[in-house]
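The values are calculated or read from the model by the stated rules, or taken from the named source; none is laboratory data. Every value quoted in this text rests on a predicted model; they were computed, and no experiment measured them. Cβ atoms come from the backbone with ideal geometry, glycine included; neighbour counts cover every protein chain shown.
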Amino acid sequence: MLETLRTISRGNSSICVAVLDGPVDLAHPCFQGADLKSLPSLVKGDAQIGGNMSGHGTHVASIIFGQPGSPVEGIAPQCKGIIVPVFSDDRRRTSQLDLARGIEQAVNAGAHVINLSGGQLTELGESDGWLQNAVRLCQENNVLLVAAAGNNGCDCLHVPAGMPSVLAVGAMDANGQPMDFSNWGETYQTQGILAPGENILGAKVGGGTHRLSGTSLATPIVSGVAAVLLSLQLEQGETPDPHKIRQILLQSALPCDSDLPEETKRCLAGKLNIPGAITLVKGGKMAETFTSVSASEVEAAGCGCDGSLTNASEAIAAHQGQPAPTLVTAAPSPPAGTVSSNTPNLQNLIQSFPSSPTSVTQQPMMPNLSANSVTASQAPSELPDLGPLVYALGTLGYDFGSEARRDSFKQLMPPYDIGGGVMVPANPYDARQMVDYLDENISEALPLIWTLNIELTPVYAIDPAGPFAGDSYRALHELLGGQILAENNAEYVERVSIPGILTGRKVKLFSGQVIPVLEPQSTRGIYGWKVNNLVNAAVNAVQAEDRTADQETIRSTLDGFLNRIYYDLRNLGTTSQDRALNFAVTNAFQAAETFSQAVAVGMELDSITVEKSPFCRMDSDCWDVKLKFFDPENNRRAKKIYRFTIDVSDLIPVTLGEVRSWSSPY
């Protein structure tokens, strides 16, 4: 019962809720007096009247933050809110990579709860590594990610709703029954709840209110309730615990009508039960039964969105030689009555794949938005004023941004000798030709868009600036030259590390993909992994301590260490723990020296973890990187653990103190 909840708490300003959606009209009357801030993202521009995603974002945000006495009274009006636009009005979709950026941004900004009224339809709830890392970040930092279950009307899943530790939200009608379009995939049976999703009032861009239906609108109801429950914890003198609130919401959920057994799966883990959740938060025991909360009782007064939402731009075209990133889409809603009860609607699935809408209405319709409290790294210098710090790993690439710029390079570059005096026309996409051209014309490095790629996907544009920009461009040119060498060459560069500052700027690549701009401050920290030299040096260091150490075993262990982080633990290098991890790899030679004793006796790498260090100097940000080794020939042998501490408070991380090691049976 929402009114009962309001008499107990309207939220606490120390609790922060992030909304990942379209742009939000913060000038709407329902937000006057609200503590809301929109963070810069890859989505350009303010909320636009008639904009599909602006309408969706404004409606969703108002359900949570609408102020008392305004046209809309939100569920948690006194909580702090941050808006991270991930969908733009000219595009209903975003990549899982860019969604992961938004989740990381929200976690770093101190969010306790993240609301995502959207997702991507998947067969088994699978997602790419970027989104997995972002969801894992939420779990590790005790941030509750609340995501829409999707509107396909089938036994199917969306991501991130179907991923571990996420709270999925389906929609129920005014009678407390699952709505026909609300998904009921198997994973949702243990981590999803139903909330009112029929004719929910919300804000309309430019003023006024509107009612819409869908899991998109049920999701912020649950996020708002979670924020109020966290506020109750705080007001009781407890530490806010988002993951505990998730369990309370699931534990207190009410079953659907027992007379309709076929509805059991569609009911997910149960229906939102506000009185029961309040009882558990206050330390009481669960009663035998709680009165079900009807849609009217939890209706969030809000400023609505009007106008039907139509499909926008097409998927991002892939660049030559570059796979398109996985897309998370906010697809259009199906017309009223087109989704059949209890049965997947094949036509709807085909039209909306790879992602489905999370808003379905009866006149008009609203689509779903789709596609993880920690403080950001703080340097004791002036760096925090310039932007977030990044220490990223990947490979170098370059882009032209437009056909005109590409053609200008093609016209300026000389014909290329492929051997035997045979000359071919210049090809600016050939990295060998580009390296030779820049060798004679280093100033031409400036009009190129340099990119840092991870598995062929551009994640940052590199834009050196300041008095050392020329040196940085020369370093990029040299590293690109190293990447095109044969893999058995001693100077072959397998990957690079790029430290820098996120500027808040973004660029559009030739493919149409938009990526953030990373600005290196100098050549410090811009390293190339000359893996062959690195491994040889590490082998020599280990054998200097133990001449009996097997060279191939050492090489295999070190290769595994490098590849483990790049492939299994790949990341954007924006959080403190990721910067510490990436720096540990850059310092692989030091790492090899630390675990020389383990590899010398035939042990192999088992796991790599990063934890906040309990010991650190003032004004620093210290993390412990732990390497655990095991004996593959004897599983009863104690594992060996090595720990070294890294301070990531400055642009270039540094190691602190001596490496510590100990044995453990686990």
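When only residues in segment 462-509 that are small (Gly, Ala, Ser) and crowded, with 17+ Cβ neighbours inside 10 Å count, which is farthest from Asp578 (Cα to Cα)? Lay out the reasoning, then the answer.
The first filter runs over segment 462-509 and keeps only residues small (Gly, Ala, Ser), leaving 465-466, 469-470, 472, 475, 481-482, 486, 490, 497, 500, 504.
Now narrow it down to the ones that are crowded, with 17+ Cβ neighbours inside 10 Å: 469, 472, 475, 481-482, 497, 500.
On the way: Ala469: 26, Ser472: 23, Ala475: 24, Gly481: 27, Gly482: 25, Ser497: 13, Gly500: 14 Å.
Going through the qualifying residues, I end up with Gly481.
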Checklist line | Cβ-Cβ under 6 Å pairs, at least 6 apart or on other chains, segment 495-509 side assigned by TED's automatic domain parsing to the domain that holds Pro458, far side among the aromatic types (Phe, Trp, Tyr) and in a strand (DSSP E or B) | finding: Ser497/Tyr527; Pro499/Tyr391
Item checked: Residue that is touching a helix residue (DSSP H, G or I) at 6+ places or on another chain (Cβ under 9 Å), of a type in the set (Gly, Ala, Ser) and in a loop (DSSP other than H, G, I, E, B), where the choices are Gly11, Gly50, Gly81, Gly69 -> Gly11
Checklist line | Checklist (1) crowded, with 24+ Cβ neighbours inside 10 Å; (2) among the hydrophobic types (A, V, I, L, M, F, W, C); (3) over 21 Å from Gly197 (Cβ atoms) applied to Val72, failing item | finding: (3)
Check: (1) in contact with a Ser or Thr (Cβ under 6 Å, 6 or more places away or on another chain); (2) at pLDDT 90 or above: which one isn't true of Ala100, the others all being true?
Finding: (1)
Margin query: I'm trying to understand the selection: among the residues of segment 496-538, which are farther than 22 Å from Gly45 by Cα and part of a loop (DSSP other than H, G, I, E, B)?
Written below: Pro520, Gln521, Ser522, Thr523, Arg524, Gly525, Ile526, Trp529, Lys530
Margin query: Just to verify a result, which residue in segment 202-218, among those that are aliphatic (A, V, I, L, M) and in contact with a helix residue (DSSP H, G or I) (Cβ under 8 Å, 6 or more places away or on another chain), is nearest to Leu20 (Cα to Cα)?
Written below: Leu217
Margin query: One residue is enough: does segment 555-563 have a residue meeting the conditions modelled with pLDDT of 75 or more, under 30 Å from Ile449 (Cα atoms) and in contact with a strand residue (DSSP E or B) (Cβ under 8 Å, 6 or more places away or on another chain)?
Written below: no
Check: In segment 386-421, what residues are part of a helix (DSSP H, G or I) and either among the hydrophobic types (A, V, I, L, M, F, W, C) or not assigned by TED's automatic domain parsing to the domain that holds Arg505 (or both)?
Finding: Ala404, Phe409, Leu412
Check: If you check every pair at least six apart or on different chains, which have Cβ atoms under 9 Å apart with a residue in segment 161-175 that is at positive phi first and a residue that is aliphatic (A, V, I, L, M) second?
Finding: Ser165/Val135; Ser165/Leu144; Ser165/Leu145
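For segment 430-440, which residues satisfy the criterion of being assigned to a loop (DSSP other than H, G, I, E, B) and touching a helix residue (DSSP H, G or I) at 6+ places or on another chain (Cβ under 8 Å)? Reasoning before the result, please.
Of segment 430-440, the ones assigned to a loop (DSSP other than H, G, I, E, B) are 430.
Residues satisfying the conditions do not exist here.
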Next item on the list: Among the numbered conditions (1) surrounded by 24 or more Cβ atoms within 10 Å (Cβ to Cβ); (2) in a helix (DSSP H, G or I), tell me where Gln139 comes up short.
Entry: (1)
Notebook entry, point to check: Any chance segment 539-548 includes a residue that's hydroxyl-bearing (Ser, Thr, Tyr), in the same structural domain as Leu651 (by TED's automatic domain parsing) and either closer than 30 Å to Val107 by Cβ or at pLDDT 75 or above (or both)?
Noted result: no
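Condition (residue is under 15 Å from Asp90 (Cβ atoms) and basic (Lys, Arg)) applied to segment 37-45: is it met by at least one residue?
Filtering segment 37-45 for residues under 15 Å from Asp90 (Cβ atoms) gives 41-45.
When the remaining residues are screened for being basic (Lys, Arg), the result is 44.
Yes, segment 37-45 contains at least one residue that is under 15 Å from Asp90 (Cβ atoms) and basic (Lys, Arg).
Pick from Thr574, Thr609: which is of a type in the set (S, T, N, Q) and surrounded by 16 or more Cβ atoms within 10 Å (Cβ to Cβ)?
Values: Thr609 fails: surrounded by 16 or more Cβ atoms within 10 Å (Cβ to Cβ).
After ruling out the rest, the residue left standing is Thr574.
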Check: under 15 Å from Ala61 (Cβ atoms), in contact with a Ser or Thr (Cβ under 7 Å, 6 or more places away or on another chain), of a type in the set (A, V, I, L, M, F, W, C) and in the same structural domain as His112 (by TED's automatic domain parsing) - does that describe any residue in segment 208-226?
Finding: yes
Next item on the list: Scan segment 142-178 for residues that are over 26 Å from the mean Cα position of the chain (by Cα), hydrophobic (A, V, I, L, M, F, W, C) and surrounded by 24 or more Cβ atoms within 10 Å (Cβ to Cβ) and report the count.
Entry: 1
Notebook entry, point to check: Do you know which of the residues in segment 466-495 that are part of a loop (DSSP other than H, G, I, E, B) and among the hydrophobic types (A, V, I, L, M, F, W, C) is nearest to Ser402 (Cα to Cα)?
Noted result: Ile484
Next item on the list: Could you please give the count of residues in segment 464-482 that are within 29 Å of Leu99 (Cβ to Cβ) and at pLDDT 95 or above?
Entry: 1
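Results for (1) modelled with pLDDT of 95 or more; (2) part of a loop (DSSP other than H, G, I, E, B); (3) more than 25 Å from Ala47 (Cβ to Cβ); (4) under 23 Å from the mean Cα position of the chain (by Cα), shown as yes or no for each residue.
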position	(1), (2), (3), (4)
Trp130	no, no, yes, yes
Asp180	no, yes, yes, no
His210	no, no, no, no
Ala218	yes, no, no, yes
Val222	yes, no, no, yes
